[in-house]
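The numbers here are math on the coordinates, done by the rules we state, and not lab data. Given the structure is predicted, the values throughout are model-derived calculations rather than measurements. Ideal geometry is used to build each Cβ from the backbone, glycine not excepted, and the neighbour counts take in all protein chains shown.
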Amino acid sequence: MSSIYREMKLRRKELMAQMEPNSIALLTAAPPRMRNNDAEYLYRQNSDFYYLTGFTETDALLALIPGRKQGEVVLFCQEKDKAKELWTGILLGPDAACERLGIDDAFPIGDIDDILPGLIEGRERVYYSMGKDDQFDNRVMEWVKVIRNKAKLGAHPPGEFLVLDHLLHELRLFKSAGEIKLMQQAARISAEGHKRAMAHCRPGIREYELEAELLYAFTRAGSRAPAYSSIVAAGDNACILHYNDNDAEVKEGDLVLIDAGCEFGYYASDITRTFPATGIFSPEQKAIYELVLKAQTAAIEAVAPGVPWDEPHNISVKIITQGLVKLGLLKGRPSQLIKSEAYKKFYMHRVGHWIGMDVHDVGDYKIDDDWRLLEPGMVTTIEPGIYISPDNRKVPKKWRGIGVRIEDDVLVTKKGRKVLSVGTPKTVQEIESFMAKSIH
Ligand code: GLY
Ligand code: MN
Ligand code: MN
């Protein structure tokens, strides 16, 4: 068994140790998804399923049955099938699955309805990811019904159904050394992509041409897909938070906001950089950019163990609100403008989110009603922004249509923090001198 599968085995052990006595957990592989008739999206395994198995095929189910004498970890997967493999590639098959993945028992997925009810029978509790996939919810109930129908013969159907997500996602929230390595590599590749796009930018280019530079860097470094649809937004488009038409022309005088990150080895990166199309910031663009950078720098510095999750956010709100007042874009006392949430006209999202196998990763932000405290091994983005709507008649015209976001991926360490997404120019001076040296 290779080391990657050994780590997954440990995760299964850790999860099983936390399950209630006499229980079973069921996880299903992601289904293939159709883009349109006969054409599938590139297959991507469900993150939970991959986290516990490393198995990348569809049509599979994992059952964790702590304490089962004949084996605690059971996989159902597709059988070897020469005809099928000719079309869609090699299948591992149940026989090889045990050795490769380090699981105890494997069966053909076609036999699941005959075997799984027997594995559930006698278990008091069933953990699964309830309410996310109607089809899976129905199948679990079908298996339970099979047991219930045999109750008169002495069979014991489970009495409790529990959401698996909480236990599992709490594990996923804390990244191991191996996971951090992959996240660092994902961030390194993305930083390369951002540099390529920045270097190729010039007025007259189309947003999708810059996207092509990102994708080139991602793919040639071994990333099979971006972690989310890349945002390449020039001029006013930067004020649309999830813009991804990416087909407008970049004009002289525009700022270009690129929010893009690759996925590498099942781990996401998420980086935003904003830079001027010509390579030189206008005075207004520079003022807004430096304010966002000041907020981002302070928010990153606030990341440390023991700090409540919302503290970096609150720091960024304070700095941005004070700065907008100084620039005359907001009027009033900063404390009042924060209380009334007037700043949200310019800064309407939170400062970050967990990141890991999913770009918006799993894990609770609050424990009971309180923001949780940061702990070593957690990774969060820090991404403040200011967006001045092109329609905002309350501010002088010269400010309208400026949108700036700066985003990095930050690991909480024992002593403080480590920024994973280094290597892309970030200060005004770094950006201007990098772009002056590039090809426009
Ligand atoms: N790219 C999505 C986000 O920044 O959250
Ligand atoms: Mn982003
Ligand atoms: Mn983000």
Next item on the list: Determine the shape class of segment 257-375: with a ≥ b ≥ c the square roots of the Cα gyration tensor eigenvalues, call it rounded for a/c under 1.5, and otherwise prolate if a/b is greater than b/c, oblate otherwise.
Entry: oblate
Item checked: All-pairs alpha carbon distance profile, the chain, 20 Å steps from 0, percent -> 23, 47, 25, 4, 0
Note to self: Shape verdict for segment 352-440, please, from the Cα gyration tensor: rounded (a/c under 1.5), prolate (a/b greater than b/c) or oblate.
What the structure shows: oblate
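Counting Lys +1, Arg +1, Asp -1, Glu -1, what net charge surrounds I4 among other residues with beta carbon under 15 Å of its beta carbon?
Working: positive: R6, K9, R11, R12, R100, K175, K181; negative: E7, E99, E179.
Net charge in that neighbourhood comes out at +4.
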Checklist line | Table column - 3J(HN,Hα) (Hz), segment 139-148, Karplus curve with 6.51, -1.76, 1.60, x for Gly and Pro | finding: 5, 4, 5, 4, 5, 5, 4, 4, 5, 4
Item checked: the chain, helix-only ellipticity at 222 nm - DSSP H runs n ≥ 4, -39,500 (n - 2.57), divided by all residues, nearest 500 -> -11500 deg cm²/dmol
Next item on the list: Average the reciprocal distances over every distinct pair of alpha-carbons in segment 64-113, invert the result, and give the Kirkwood radius in Å.
Entry: 11.6
Checklist line | Fluctuation leader among L257, L119, L86 - the chain, Gaussian network, Cα springs under 10 angstrom | finding: L86
Margin query: Going by amide H atoms built from the backbone, whose H comes under 5 Å of the H on V410, apart from near neighbours?
Written below: T380, T381, I382, L420
Checklist line | Rough spin-label spacing in nm, given labels placed 7 Å along Cα→Cβ, for E20 and Y216 | finding: 5.7
Check: Quick one: length gained pulling D114 to M348 fully straight, 0.36 nm per residue minus the C-alpha distance?
Finding: 79.0 nm
Note to self: Test of understanding: in a Gaussian network model of the chain with alpha carbons linked when under 10 Å, which of K331, K132, K418 would top the mean-square fluctuation ranking?
What the structure shows: K132
Check: Any idea what the relative contact order of the chain is, in percent, if you count C-alpha pairs under 8 Å spaced at least 6 apart?
Finding: 14
Check: For the chain, modelled as a Gaussian network with Cα springs under 10 Å, which listed residue fluctuates most, V359, V395, V351?
Finding: V395
Item checked: Inter-site label distance for N36 and E124 at 7 Å from Cα along Cβ, in nm -> 5.4
Item checked: Interchain or long-range residues, amide H under 5 Å from L162's placed H -> V126, Y127, Y128
Note to self: Per residue of segment 166-173, what does 6.51 cos²θ - 1.76 cosθ + 1.60 with θ = phi - 60° give for ³J(HN,Hα)? Whole Hz please, x for Gly and Pro, Karplus curve as stated.
What the structure shows: 4, 4, 5, 6, 5, 5, 5, 5
Next item on the list: Nearest 5 is fine: what % of DSSP beta bridges in segment 19-133 come out antiparallel, could you say?
Entry: 60
Item checked: Under the Karplus curve 6.51 cos²θ - 1.76 cosθ + 1.60, θ = phi - 60°, whole-Hz ³J(HN,Hα) for segment 251-261, x wherever Gly or Pro sits -> 9, 3, x, 6, 8, 10, 9, 10, 10, 8, x
